[in-house]
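A.B. asks: Here it is, the structure in full.
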Amino acid sequence: MAFDSFQDFLAMGGHAPYVWASWGVTGALLAGIVLHARAERRQLLRRLQRRERRQATTDRTSHQTGGQRHEA
Amino acid sequence: MGKIWSFIHKLGSPKWFYAISARLMPWFWVAAAALILVGSVWGLAFAPADYQQGNSFRIIYVHVPAAFLAQSIFVSMAVAGLVFMVWKIKVADMAAAVMAPLGAVMTFISLFSGAVWGVPTWGTWWMWDARLTSMLILLFLYLGVIALRGAFSSRDSGSRAASVLAMVGVINIPIIKYSVDWWYTLHQPATFSVTSRPAMPLEMWAPLLIMVLGFYCFFIAATLMRTRSEILRREANKRWVRELAGGPS
């Protein structure tokens with residue numbers, strides 16, 4: 001351990017603003033990349049699944065109404 | 001040899017890439033998380049303070065990995081662009097598309113942490129030093145590639161334009177690498193070299209090596225994940241994607 005106490009660790013020998021700003025921005029951006037990639041995938045899957053459900057419903061109704069669809 | 005070629009050929013198929021990446025990706029996420037965690041704790045709390053710079057030197061553990069990645073990602077993107085242009089492999093273009101923003105973020109991290117580090121160390125956050133300037137140009141190249149891709153009404157034109165800019169822009173990478181030797185004004189020369197032992201004690205460079213490896217794993221995992229999304233987006237009307245989303249098989 002390079003520090004005597006937790007306070008010491010946070011103070012970074014007087015360089016706290018520099019060390020924590022660099023590490024903070026890096027951590028936030030990496031976390032942002034992960035969260036964005038996850039949200040993107042979830043949204044995409046939801047959209048594709050919704051489309052398939054909608055497609056299935058239209059297929060069913062058009063099947064029921066049969067050839068009369070063009071008259072509607 | 002035939003096996004390798006058939007592997008590469010299959011990798012070019014979006015469906016196959018989607019399947020194989022699903023198996024590979026978790027390992028890269030786990031490796032990235034473990035390496036970055038160990039490297040951070042070691043680098044922040046256990047590595048000894050620098051005898052000249054004190055604790056501000058701990059910025060190296062995010063600055064150097066980000067700078068490594070900024071350059072490696074650009075080269076990967078240019079290679080992917082070349083593969084797309086020569087062999088018309090669509091997955092290569094999708095990978096190149098998701099690499100650009102990742103590389104831009106890494107370049108930003110290295111510039112930002114470098115500027116912050118410069119204040120206590122050099123007494124200035126910016127100077128038109130060759131290394132700093134060529135890294136700034138790298139950021140603009142990334143932004144240019146991203147903008148160019150979106151500037152065309154046809155996707156294929158955007159892909160080809162972005163590939164060309166990436167391939168031409170890769171000339172900046174050796175300039176970044178040798179800038180510290182050719183025009184040594186402010187930035188110190190390379191920390192790591194393949195040919196000689198690091199000038200730091202083991203307790204200082206081991207966490208740095210771990211962080212670099214962690215960042216590489218992070219990049220691979222994030223690229224795989226976002227390429228998979230890009231595949232779903234572009235292949236949305238293919239039968240296998242529709243089946244995946246619960247459509248008729």
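The values are calculated or read from the model by the stated rules, or taken from the named source; none is laboratory data. Not measured: the values here are computed from a predicted model. Reconstructed Cβ throughout: ideal geometry from the backbone, glycine too, with neighbour counts over all protein chains shown.
A.B. asks: Given (1) within 13 Å of chain A (Cβ to nearest Cβ); (2) surrounded by 17 or more Cβ atoms within 10 Å (Cβ to Cβ); (3) not aromatic (F, W, Y), identify the lone condition not met by B:A96.
C.D. replies: The number of the failed condition is (1).
A.B. asks: Within segment B:215-228, does at least one residue satisfy the condition of being closer than 23 Å to B:S134 by Cβ, more than 10 Å from chain A (Cβ to nearest Cβ) and of a type outside the set (K, R)? Please lay out each step first, then the result.
C.D. replies: Initially, segment B:215-228 is screened for residues closer than 23 Å to B:S134 by Cβ, giving B:215-216, B:219.
Right, trim to more than 10 Å from chain A (Cβ to nearest Cβ) and you get B:216.
Imposing the further condition that a residue be of a type outside the set (K, R) reduces the set to B:216.
So far as segment B:215-228 goes, yes, one or more of its residues are closer than 23 Å to B:S134 by Cβ, more than 10 Å from chain A (Cβ to nearest Cβ) and of a type outside the set (K, R).
A.B. asks: Tell me which residues, restricted to segment B:210-249, are of a type in the set (D, E) and under 13 Å from A:R51 (Cα atoms).
C.D. replies: Of everything in segment B:210-249, just one residue is of a type in the set (D, E) and under 13 Å from A:R51 (Cα atoms), namely B:E243.
A.B. asks: Name, by its number, the condition in (1) within 7 Å of chain B (Cβ to nearest Cβ); (2) touching a Leu at 6+ places or on another chain (Cβ under 7 Å) that does not hold for A:V19.
C.D. replies: It fails just one condition, (2).
A.B. asks: Considering only residues that are charged (D, E, K, R) and in a helix (DSSP H, G or I), which ones fall in segment B:1-52?
C.D. replies: Passing the criteria: B:K3, B:K10, B:K15, B:R23.
A.B. asks: I've got another one for you. With B:G123, B:G158, B:G150 as the choices, which residue is farther than 19 Å from B:V79 by Cα and in contact with a Gly (Cβ under 7 Å, 6 or more places away or on another chain)?
C.D. replies: B:G150
A.B. asks: Determine the pairs where a residue that is more than 7 Å from chain B (Cβ to nearest Cβ), located within segment A:32-56, has a partner that is modelled with pLDDT under 95 with Cβ atoms under 6 Å apart, the partner being 6 or more residues away or on another chain.
C.D. replies: So the pair list comes out empty.
A.B. asks: So, of the residues in segment B:197-249 that are part of a loop (DSSP other than H, G, I, E, B) and basic (K, R), which turns out to be surrounded by the most Cβ atoms within 10 Å (Cβ to Cβ)?
C.D. replies: Selected residue: B:K238.
A.B. asks: For segment B:94-121, give me each residue that is within 30 Å of B:P14 (Cα to Cα) and touching a residue at least 40 places away in the same chain (Cβ under 8 Å).
C.D. replies: Of everything in segment B:94-121, those that are within 30 Å of B:P14 (Cα to Cα) and touching a residue at least 40 places away in the same chain (Cβ under 8 Å) turn out to be B:M94, B:A95, B:A96, B:A97, B:V98, B:M99, B:A100, B:P101, B:L102, B:A104, B:M106, B:T107.
A.B. asks: Would you check which residues across segment B:48-73 are hydroxyl-bearing (S, T, Y) and facing chain A (nearest Cβ under 9 Å) and list them?
C.D. replies: B:S56, B:Y61 - these are the residues of segment B:48-73 that are hydroxyl-bearing (S, T, Y) and facing chain A (nearest Cβ under 9 Å).
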